[in-house]
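One structure is given here, and the rest of the page talks about it.
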Ligand code: SF4
Ligand code: SF4
């Protein structure tokens, strides 16, 4: 797929911790309790120094913190890790996606200075004071407002990503105006792909619960103009191939991270090609998460990036993933998550940003 020397972009999941409990996030069960398969792992600065040598950092164009199971603002060493990357590469793009609701104003000013305009923070804020918490359960609006303004006023470049549901669609224009008045450089009307189920069916709504399991908001799709266009492509693909599974068997793969020479590091310190492959490892609804096909490719010792990235590449795991794409079907070993996320004709991820 690619080699150590090809990598130009790192996607870093620094932690599995978060102060929030968003109902469609795999770190919790619709908002209740923590995913029973995770141990709230987190990477320290020392871990990152072992994984990313100064020479390796010098070859990068980008490092961004996001991930599947936590928010970088909750991690202990996030600022130190950004500083370490900046120290060894003065021009690379540094960025992160966050709910924005934690850390002090001082911390946010420091972050703006470390990034030093060569990078941005993407604030995932799904509504205004009265609605953001309906999806971003546990995020305090006053903190978001204070932190975004502290970051921007210290010279930070901010982008606001607004995930649109029925309950906040009437606020899209108002939020965009607010974003511009605060000095955000971009406002993204994000059309969630999460109204497509794990088995590729449409779903109308999603019941959120609080940490104790009591019902909270019922999340519903917004009006058609704000819906993810992949939803309407589902029927077309099913008509053409007979079923989504038949499409996944046949679909040519256009690997997004191969194109970008990007590598994902999990909060456990495992090197995986992307967040989607890693994201199959710990689905909370399985009793045994290892029923997922991705485990055919995961040997935690071999993928342990703390032993050095060169060692991980020498296992050949990324080439084995690529080789799977030529198998005749997912049943015969083609990695299904690759067909789901990077199949040529169906792409709910890309449709979020159109
Ligand atoms: S803020 Fe991010 S990591 Fe935290 S619960 Fe929500 S989606 Fe998950
Ligand atoms: S899901 Fe598979 S094909 Fe898509 S980016 Fe990840 S490794 Fe590449």
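Over segment 156-281, Cα pairs under 8 Å with separation of 6+ residues give a relative contact order of 18 percent.
Work out, in µm²/s and without decimals, the Stokes-Einstein translational diffusion coefficient of the chain at 37 °C, 0.692 mPa s, Rh from Kirkwood over C-alpha pairs. Estimated diffusion coefficient is 156 µm²/s.
If R0 is taken as 35 Å, the Cβ-Cβ distance between residue 182 and residue 220 corresponds to a FRET efficiency of 0.80. Can you tell me the FRET efficiency between residue 212 and residue 76 if r is taken as the Cβ-Cβ distance and R0 is 25 Å, rounded to the nearest 0.05? The value I calculate is 0.35. Average 1/r across all pairs of distinct alpha carbons in segment 204-329, invert it, and you get the Kirkwood radius: 17.8 Å.
Projected over every direction and averaged, the convex hull enclosing the alpha-carbon atoms of segment 137-296 yields 13.2 nm². The orientation-averaged shadow of the Cα convex hull for segment 287-354, equal to a quarter of the hull surface, comes to 6.6 nm².
Of the beta bridges in the chain, as assigned by DSSP with both residues counted there, near 30 percent are antiparallel.
With 0.36 nm allotted per residue and the present C-alpha distance subtracted, the residue 59-residue 5 stretch has 18.7 nm of extension available. Between residue 93 and residue 300, full extension at 0.36 nm per residue minus the direct alpha carbon distance yields a gain of 71.6 nm. Using just its DSSP H runs of length 4 or more, each adding -39500 (n - 2.57), the chain gives a mean residue ellipticity at 222 nm of -8500 deg cm²/dmol after division by all residues. Mean sequence separation of contacting Cα pairs (under 8 Å, at least six apart), scaled by the length of segment 1-128, corresponds to a relative contact order of 26 percent.
For a paramagnetic label modelled on residue 24 (point 7 Å from Cα along Cα→Cβ), amide N atoms under 20 Å away belong, within segment 274-299, to 275-286.
Between residue 39 and residue 173, full extension at 0.36 nm per residue minus the direct alpha carbon distance yields a gain of 44.3 nm.
Each Cα pair under 8 Å and six or more residues apart adds its separation to the average, and for the chain the resulting relative contact order is 20 percent.
Readers should treat all values here as calculations from the given coordinates under stated rules, not as data from a laboratory. Small disclaimer: the values here were computed from a predicted structure and weren't measured. All Cβ positions, even for glycine, are placed from backbone atoms using ideal geometry, and neighbour counts span all protein chains on display.
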